[in-house]
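Participant: Just dropping this structure here.
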């Protein structure tokens, strides 16, 4: 076990200390919720994919309901709402259909905020929402502002928050006080620090590249002007992990080059570590379903740091509310003193 793994195994253990409940919409396997439970919040998840919901249920304190959310759904009370509305409509892989795509989860997320009026909310999405589809992002933000929230958003790269992977995503916070994003760390955790103890092993479940796959990959890398082979390098962070390059036999598949020259597909545990999932976190479902859960997840270590930042914002909101009340009493006393 590496030092990095020992750290996340301990740091990301759920430890509920707060009274507030967090609702996690489109929760996946629970990467975001794991960070929040490690920060002290009990979560309730909602996820339509049954195997992902089962993984959440297996590892977290909170319950995950395997249902598809719609605009008629009645949510349990919660002061904090988080989630990752499906991003396929706005990703390159999803052909960027945006609002016309039935997989768009933003109407449901906005509806939940409208119904619950949480003190703080947060959602995560692909970076493309700030570029090709910025027009739709602006609609979403305008709707949330109408509900009385201050909105802060930022592109964050997980590699700057202790995750051994270059993974840039958009994070949006809605609040009524003041929010500060976590401070990035200049030190980058490498692939070797994350999986160095298992990187060159060949367990029974290993899948090796065939000669035809090696030929295919070579053609792919030449066509895409790739200077270095897209293998994992122990001295660098990993490329972005996705469902496609974990589960699919593609030219940019995540793989390890063994010391004897062979290349093998990434193991589930290796992929999970590169996403900052602890070794005790168990995934359910078949091989592809597990890779999809890992590829879709918010890295729990980044989620943990965002949860701590949100906690500070929540406390400021409590202080702000208290000071508002005091100001009203003072103002009332001033008025009374005039008579």
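Participant: Relative contact order for the chain using alpha-carbon pairs under 8 Å, separation at least 6, rounded to a whole percent?
Facilitator: It rounds to 20 percent for the chain.
Participant: Run the numbers on region 191-294 and let me know its relative contact order in percent, using alpha-carbon pairs under 8 Å that are six or more apart.
Facilitator: 33 percent
Participant: Separation of region 234-286 and region 115-149 by C-alpha centroid, Å?
Facilitator: Centre-to-centre (Cα) distance: 32 Å.
Participant: Give the label of the value calculated from the structure for Cα Rg over 2.2 N^0.38 Å, choosing from [x] 1.09; [y] 1.54; [z] 1.00.
Facilitator: Looking at Cα Rg over 2.2 N^0.38 Å for this model, the match is [x].
Participant: For the pair residue 58/residue 3, report the inter-label distance in nm, with labels modelled 7 Å from Cα in the Cβ direction.
Facilitator: With each label placed 7 Å out from Cα toward Cβ, I get 3.1 nm.
Participant: Further, regarding this structure: What ranking, highest mean first, results for peptides 168-179, 6-17 when packing means the other Cβ atoms within 10 Å averaged over each residue?
Facilitator: Averaged packing, sorted descending, gives the order 168-179, 6-17.
Participant: Right, here's the next one. Show me the ranking of peptides 216-227, 296-307 by mean Cβ neighbours inside 10 Å, starting with the highest.
Facilitator: Packing proxy ranking, top to bottom: 296-307, 216-227.
Participant: Another question about this same structure. Given only helices, namely DSSP H runs of n ≥ 4 each adding -39500 (n - 2.57), what is the per-residue ellipticity at 222 nm of the chain, to the nearest 500 deg cm²/dmol?
Facilitator: The helix-only estimate for the chain comes to -11500 deg cm²/dmol at 222 nm.
Participant: With a 10 Å radius around each residue's Cβ, average the other Cβ atoms per peptide and rank 189-199, 280-290, 41-51, highest first.
Facilitator: Ranked from most to least packed, the peptides come out as 41-51, 189-199, 280-290.
Participant: Here is a follow-up. Hey, rough spin-label estimate for residue 18 and residue 259, points 7 angstrom out along Cα→Cβ, what's it come to in nanometres?
Facilitator: My value for the distance between the label points is 4.6 nm.
Participant: Tell me the label-point distance for the pair residue 65, residue 151, using the 7 Å Cα-to-Cβ offset, in nm and rounded to one decimal.
Facilitator: 2.7 nm
Taken together, the values in this text are just the output of simple stated rules run on the coordinates, not laboratory data. Given the structure is predicted, the values throughout are model-derived calculations rather than measurements. Virtual Cβ from ideal backbone geometry, glycine too; neighbours counted across all protein chains shown.
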